[in-house]
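The values are calculated or read from the model by the stated rules, or taken from the named source; none is laboratory data. Since this is a predicted model, take the numbers as computed values, not measurements. In this analysis, Cβ positions are derived from the backbone assuming ideal geometry, glycine residues included, and neighbour counts consider all displayed protein chains. With ligands, DNA and RNA removed, areas are computed over all heavy atoms of the protein, side chains included. Shrake-Rupley method; radii C 1.70, N 1.55, O 1.52, S 1.80 Å.
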Amino acid sequence: MEGMTAMKPLFFVVFVVFTLNGLNAQTPTWQPSPGHVQVAIWRGSPPDAGAEAPPGPETVDVSKSLIAGKPVTGVSNVSWPTMTVYSPKGKNTGVAVVVFPGGGYTDLAIDLEGTEVCDWLTLRGIACVLLKYRVPDSGPAWHNDCECNIHPKAPTALEDAQRTVGLVRFHAAEWHVDPRKIGVLGFSAGGHMVADISTHFDKRAYAPVDAADKVSCRPDFAAAIYPGHMTENTTKEFELNPEIPVTARTPPTFLLQAENDKVDGVKQSLVYYIALKNAGVPVEMHLYAQGGHAFGLRRTKLPITEWPGLVEKWLGTIGMISE
């Protein structure tokens, strides 16, 4: 009840704003914890809704394998993307972070790389916006049948990301967010989404639907945690994916990866780091010998799991929060 009380003012605003704008609140299979409301990010049917139709209804699965002693909840077959806003607890820094859970563009690790991230951020006075974006095949996804990455007919994950950042900035005043302090943070495939929106913000990937699509969807900062898909579509050994066109306008970026990551090798972060440095973009990278892949924020004996503290210090160095 304490969390519900703290969240009530912001979520009342969220609910009213989206209701007045004609957006439809949904009741999908996955639901956030009590006191939080997820709302649809699109008016009516999302753009390119028929590009990759999910094979069935949205489902929630709890894995049998454990990470740091706990299972992971995954959401699959998301056709109706939503966002859930988690209000900062205590002092409000004015910073907001849109979070992209990973899952290989097949499903979403909604707790490990989603709600648990929001729990951390809100305790630090940062608003967290959890995006439940469309899957599967909303971005480059690995398919076992062909042992290849299938590229989507339409970049629906990027569309959802652009829309959400734009909505947060458009409603910044009502949601007590500084429109100059809106960032993105993602894991694995969500880390690829971080790079995607960091380099594709001048033009929406969809036809604008309302005033929120007329404001900038450029993140003010970005954090990619064990990102994937950064070396695809290349012909050279050490080259960045050309579909991630880094420029001097790419936002300041934080990178983190384990050298023994067997899913998305450390080269994923290295090529992005070099491209950012060459473009003059402020970038901070942390590599650790051990950690593997998909550890989220769950603390273990491995030093890499202390990374949230590094992000907090980095946010201070780039002027987002007080050091």
* Selected from Asn144, Asn260, Asn77 as most flexible by GNM, with the chain as the system and alpha-carbon contacts under 10 Å -> Asn144
* Spin-label model distance (nm) - Leu123 vs Val209, 7 Å beyond Cα toward Cβ -> 3.5
* Asked: Of all the accessible heavy-atom surface of the chain, with the other protein chains kept in place and a 1.4 Å probe, what percent is carbon and sulfur?
  -> 55
* **GNM result for the chain, Cα springs below 10 Å: residue of His151, His171, His192 fluctuating most strongly** => His151
* Percent of alpha carbon pairs in the range 22-137 separated by more than 18 Å? -> 52
* Structure fact -> Farthest towards the positive end of the dipole of the chain, among Gly103, Val60, His171 and with Cβ unit charges of +1 on Lys and Arg and -1 on Asp and Glu, lies the Cα of His171
* **Approximate shape of the range 118-260 as ellipsoid semi-axes (Cα gyration tensor, √5λ), whole Å, largest first** => 26, 18, 15
* Asked: Ignoring ligands and nucleic acids, what accessible area does Phe238 show with a 1.4 Å probe (Å², nearest 10)?
  -> 100
* Beyond 20 Å, what percent of the Cα pairs of the range 208-323 remain? -> 48
* Which pairs, out of Lys214/Lys267; Lys64/Lys262; Lys153/Lys262, put more than 24 Å between their alpha-carbon atoms? -> Lys214/Lys267; Lys153/Lys262
* Pick out which of Pro242, Pro155, Pro34 has the largest mean-square fluctuation in a Gaussian network model of the chain, springs linking Cα atoms closer than 10 Å. => Pro34
* Asked: Hey, any idea what Rg/Rh is for the chain, computing Rh the Kirkwood way over Cα pairs?
  -> 0.93
* Per DSSP, loop trypsin sites (Lys or Arg not before Pro) in the range 87-191 with at most 13 further Cβ within 10 Å -> Lys91, Lys153, Arg180
* Structure fact -> Counting only protein heavy atoms and rolling a 1.4 Å probe, one gets per residue an accessible area for the chain in Å² of 42
* Compute log10 of I(q)/I(0) for the range 81-132 with the Debye formula, placing one identical point scatterer on every Cα and leaving out solvent, at q = 0.17, 0.18, 0.21, 0.31 Å⁻¹, to two decimals. => -0.46, -0.51, -0.65, -1.13
* To do: For the chain, calculate the relative contact order in percent as a whole number, restricting contacts to Cα pairs under 8 Å that are 6 or more residues apart.
  => 13
* To do: Could you order Cys146, Cys118 so the one with the most accessible surface comes first? Probe is 1.4 Å.
  => Cys146, Cys118
* Structure fact -> Averaged over all viewing directions, the convex hull of the alpha carbons in the range 168-226 casts a projected area in nm² of 4.3
* Asked: What number, rounded to the nearest 500 deg cm²/dmol, is the helix-based mean residue ellipticity at 222 nm of the chain, given -39500 (n - 2.57) per DSSP H run of at least four residues and division by all its residues?
  -> -7500 deg cm²/dmol
* **Convex hull of Cα atoms in the range 192-246, direction-averaged projection (nm²)** => 4.6
